[in-house]
Amino acid sequence: MRVELFPPDSDTEPRHWVRHDQAFAMMLRPGSIEWGSKRSALEKFDYGAGDLALCHRHVGEWVGLMNVPHLQLSISDAALMASSDGAYGEVELRPSRKFADPRLSAMVAAVDAEMVAGFPSGRLFLDSVEQAMAVALVNGHAVRHRPVQIYRGGLGSARLRRIKELVHAKMEDDLSLDEMAQSVGLSTAHFARMFRKSTGETPHQFVLRQRLERAKAMLRAPDARVLDVAVACGFKTQQHFAQVFRDVCGVSPTEYRQDFLNSEVTRALETHSEDMLTL
């Protein structure tokens with residue numbers, strides 16, 4: 001998934017594009033965009049913050065004049081085809097110059113926040129969001145619509161074990177959804193649905209939980225540096241690690257370690273007192 005931030009146009013001349021992929025945009029502030037296939041036939045649309053626009057897959061050139069900042073996301077054909085289970089070949093989406101979809105808007109807002117932070121969550125986060133967006137777009141905007149197939153039963157124990165082994169072996173790496181799906185021989189969309197059915201978590205949530213569990217184990221060592229723990233558990237920066245750890249665990253990594261060490265001292269003193277009483 002390609003993510004691009006477009007500021008308002010600084011001049012009054014329409015810009016020219018040639019698009020060969022599926023893309024949609026979310027407006028970040030109120031404003032307007034004039035769209036058209038040629039300069040002499042532009043149609044103006046007024047937007048509020050959070051409004052969406054689904055661009056057509058243009059083979060030729062088109063023009064636009066934009067005075068509203070917006071975030072544009074290009075969804076890969078692979079993600080769209082996986083979400084439609086290969087039903088359409090190349091998936092075609094109906095263009096819509098203005099529409100509202102709270103679920104899609106929330107996902108784009110999450111990508112916007114991730115981009116502002118410098119993409120600290122890695123490829124798996126963006127892959128997971130792209131797959132969820134592709135499902136929503138195929139369900140709501142595919143020209144030849146077929147509901148996404150619902151799979152029953154989830155992943156078998158062997159496949160789940162393989163995924164867990166992959167995650168633990170590549171804890172420090174920037175895992176992708178496609179890599180996880182390929183390890184068990186499934187398409188990305190099929191894998192994501194089956195995995196959630198089996199575990200109750202998305203692949204991204206699962207990997208994040210595994211990273212935090214390893215981090216907790218490492219932090220119990222009194223001489224472990226927080227930076228070393230962050231790197232060993234796949235976090236790009238110590239700041240991002242500390243933020244995620246606090247959000248999930250309610251305390252900072254340093255506070256967690258201190259609480260653990262204090263509880264160890266307390267248990268040791270209690271054990272010593274009990275031993276003294278038995279003498």
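Could you grab the pairs with beta carbons closer than 7 Å, sequence gap of 6+ or different chains, first residue in segment 115-135 and among the hydroxyl-bearing types (Ser, Thr, Tyr), second one open to solvent by less than 20 Å² (accessible area, probe 1.4 Å) and in a helix (DSSP H, G or I)?
Pairs that qualify, where the first residue is among the hydroxyl-bearing types (Ser, Thr, Tyr) and the partner is open to solvent by less than 20 Å² (accessible area, probe 1.4 Å) and in a helix (DSSP H, G or I), are 121/114; 128/177; 128/203.
Evaluate the following for residue 207: is it hydrophobic (A, V, I, L, M, F, W, C), at pLDDT 90 or above and over 30 Å from residue 155 (Cα atoms)? Steps first, please.
Numbers: hydrophobic (A, V, I, L, M, F, W, C): yes; at pLDDT 90 or above: yes; over 30 Å from residue 155 (Cα atoms): no.
Judged against the criteria, residue 207 is not a match.
How many of the residues making up segment 171-180 are among the charged types (D, E, K, R) and modelled with pLDDT of 90 or more?
1
What number of residues within segment 200-224 satisfy the criterion of being more than 30 Å from residue 79 (Cβ to Cβ), touching a residue at least 40 places away in the same chain (Cβ under 8 Å) and not in a helix (DSSP H, G or I)?
Counting residues in segment 200-224 that are more than 30 Å from residue 79 (Cβ to Cβ), touching a residue at least 40 places away in the same chain (Cβ under 8 Å) and not in a helix (DSSP H, G or I) gives 1.
Here is a list: 81, 1. Which entry is open to solvent by 30 Å² or more (accessible area, probe 1.4 Å), closer than 30 Å to residue 122 by Cα, touching a Leu at 6+ places or on another chain (Cβ under 7 Å) and at pLDDT below 80?
Values: 81 fails: touching a Leu at 6+ places or on another chain (Cβ under 7 Å).
Only one candidate passes the filter, namely 1.
I'd like to verify a number: residues in segment 170-199 that are in contact with a helix residue (DSSP H, G or I) (Cβ under 7 Å, 6 or more places away or on another chain), assigned to a loop (DSSP other than H, G, I, E, B), open to solvent by 20 Å² or more (accessible area, probe 1.4 Å) and under 28 Å from residue 230 (Cα atoms), how many?
Qualifying residue count for the region: 2.
Between a first residue in segment 96-113 that is of a type in the set (A, V, I, L, M) and a second residue that is exposed (fewer than 15 other Cβ atoms within 10 Å of the Cβ), which pairs have beta carbons less than 8 Å apart while being 6 or more apart in sequence or on different chains?
none
Exactly one condition in (1) at pLDDT 90 or above; (2) part of a loop (DSSP other than H, G, I, E, B) is not met by residue 166; state its number.
With (1) at pLDDT 90 or above; (2) part of a loop (DSSP other than H, G, I, E, B) applied to residue 166, the lone miss is (2).
The values are calculated or read from the model by the stated rules, or taken from the named source; none is laboratory data. Everything numeric here is computed off the predicted structure, so don't read it as measured data. Here the Cβ is made from the backbone with ideal geometry for all residues, glycine too, and neighbour counts use every protein chain on show. Quick note on the areas: whole protein, heavy atoms, side chains included, nothing else; ligands and nucleic acids left out. Shrake-Rupley method; radii C 1.70, N 1.55, O 1.52, S 1.80 Å.
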